[in-house]
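The values are calculated or read from the model by the stated rules, or taken from the named source; none is laboratory data. Everything quoted here is computed from the prediction, not taken from an experiment. Virtual Cβ from ideal backbone geometry, glycine too; neighbours counted across all protein chains shown.
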Amino acid sequence: MNWKRKDLLGLEELSREEIVAILDTAASFKEVSTREIKKVPALRGKTVVNLFYEPSTRTRVSFEVAAKRLSADVINVAIETSSVRKGETLIDTGRNIEALKADVIVMRHSSSGAAAILAKKVNANVVNAGDGWHEHPTQALLDMFTLKEKTGEIKGLKVCIIGDIAHSRVARSNIWGLTKLGAEVIVCAPRMLIPPEIEKMGVKVSSNADKAIRGVDAVNVLRMQFERDEKTAFPQRLEYYKNFGITKERLHKAGGNIIVMHPGPINRGVEISSEVADGPNSVILEQVTNGIAVRMAVLFLVAGGEKNRT
């Protein structure tokens with residue numbers, strides 16, 4: 001199919017066909033990373049700006065590497081030393097970046113919907129690298145790409161997402177993507193960390209980790225976001241690890257060769273044991289590697305794909 005979207009803001013708005021198109025394009029780009037010269041001229045002459053209002057290591061570096069492997073020029077805006085500290089608004093920042101002839105703006109922001117607001121105000125392509133608790137589309141895409149690579153097909157898979165569901169943009173994007181591709185999704189967390197009416201997104205809900213992961217094909221372990229100033233909304237760390245932590249013993253009891261995923265950063269001994277994170281079931285580092293191919297695909301499609309975009 002021809003890609004006709006100007007931006008990538010979330011997976012909720014994408015069709016199944018559009019998600020498949022991204023994954024198929026990523027598969028073709030993954031081979032680039034195996035070459036001696038890891039570069040193609042697909043976006044030569046284009047400029048990609050990474051505008052990150054929140055701290056990031058994996059996502060920002062992954063987008064930077066992806067853009068450079070497409071031969072684009074890359075600019076990283078350091079918010080802590082930018083005019084944002086002087087009170088400049090998001091829209092003014094975006095318009096100034098566009099005035100410098102940037103073609104793509106990759107943005108992470110703490111406010112849900114910020115990427116969509118910017119996309120309406122600039123002609124540059126906008127890629128959402130995470131907005132508040134809303135979505136993190138490229139993380140979900142690389143998660144699905146990794147699952148498809150390991151299993152051959154998303155349709156029919158049973159996937160458990162376990163952890164801080166309430167605050168997780170990764171969980172939301174994964175739910176939209178996995179259900180559209182035909183997977184069965186179970187979310188598991190302490191009751192206080194399960195959003196109201198999340199069943200309407202087409203998932204099953206559990207607060208029993210042992211039951212939730214029994215018989216699943218994969219478990220996607222989310223980071224517990226203890227840095228949030230909501231202490232009454234979180235269980236104690238040791239209590240959480242005991243009841244929801246993914247350990248070798250818990251996996252063994254669940255049965256089967258369960259694929260273990262994590263978007264990072266990992267809290268070892270809180271949501272996952274080191275034995276599992278570094279063990280044979282883990283595809284965590286493969287997710288990081290696959291993130292480059294997926295982000296190459298996204299940048300190519302929004303900036304270098306079908307010219308008659310809407």
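Worth a mention:
- One residue stands out among those in the range 154-182 that are within 14 Å of Pro195 (Cβ to Cβ) and of a type in the set (Lys, Arg): the one that is surrounded by the most Cβ atoms within 10 Å (Cβ to Cβ), which is Arg172.
- Which numbered condition Met107 fails, given (1) among the hydrophobic types (A, V, I, L, M, F, W, C); (2) in a helix (DSSP H, G or I); (3) under 25 Å from Thr25 (Cβ atoms): (2)
- For Glu18, the requirement of being without any contact (Cβ under 8 Å) to a residue 24 or more places away in the chain, surrounded by 14 or more Cβ atoms within 10 Å (Cβ to Cβ), touching a Phe, Trp or Tyr at 6+ places or on another chain (Cβ under 8 Å) and not aromatic (Phe, Trp, Tyr) is met.
- Some residue of the range 187-196 being closer than 16 Å to Val260 by Cα, of a type outside the set (Val, Ile, Thr) and within 22 Å of the chain's Cα centre (by Cα): yes
Matching residues to (1) over 22 Å from His134 (Cβ atoms); (2) out of contact with any Pro (no Cβ under 6 Å at 6 or more places or on another chain); (3) modelled with pLDDT of 95 or more:
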{"position": "Glu13", "(1), (2), (3)": "no, yes, yes"}
{"position": "Leu23", "(1), (2), (3)": "no, yes, yes"}
{"position": "Thr34", "(1), (2), (3)": "yes, yes, no"}
{"position": "Arg44", "(1), (2), (3)": "yes, yes, yes"}
{"position": "Thr47", "(1), (2), (3)": "yes, yes, yes"}
{"position": "Phe52", "(1), (2), (3)": "no, yes, no"}
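- Checking each residue in the range 255-288 for being part of a loop (DSSP other than H, G, I, E, B), small (Gly, Ala, Ser) and more than 21 Å from the chain's Cα centre (by Cα) picks out Gly255, Gly256, Gly269, Ser273, Gly279.
- Residues within the range 278-293 that are more than 16 Å from Arg69 (Cα to Cα) and either modelled with pLDDT under 95 or of a type in the set (S, T, N, Q) (or both), tallied: 3
- Glu98 vs. criteria out of contact with any strand residue (DSSP E or B) (no Cβ under 6 Å at 6 or more places or on another chain) and either surrounded by 16 or more Cβ atoms within 10 Å (Cβ to Cβ) or of a type in the set (S, T, N, Q) (or both): yes
- Check on Ile117, modelled with pLDDT of 95 or more and either surrounded by 15 or more Cβ atoms within 10 Å (Cβ to Cβ) or out of contact with any strand residue (DSSP E or B) (no Cβ under 6 Å at 6 or more places or on another chain) (or both): yes
- Taking the range 87-116 as the range and being out of contact with any helix residue (DSSP H, G or I) (no Cβ under 7 Å at 6 or more places or on another chain), hydrophobic (A, V, I, L, M, F, W, C) and more than 17 Å from Val48 (Cα to Cα) as the test, only Ala116 passes.
- Residues in the range 46-71 that are of a type outside the set (Val, Ile, Thr) and within 20 Å of Arg95 (Cα to Cα): Lys46, Asn50, Leu51, Phe52, Tyr53, Glu54.
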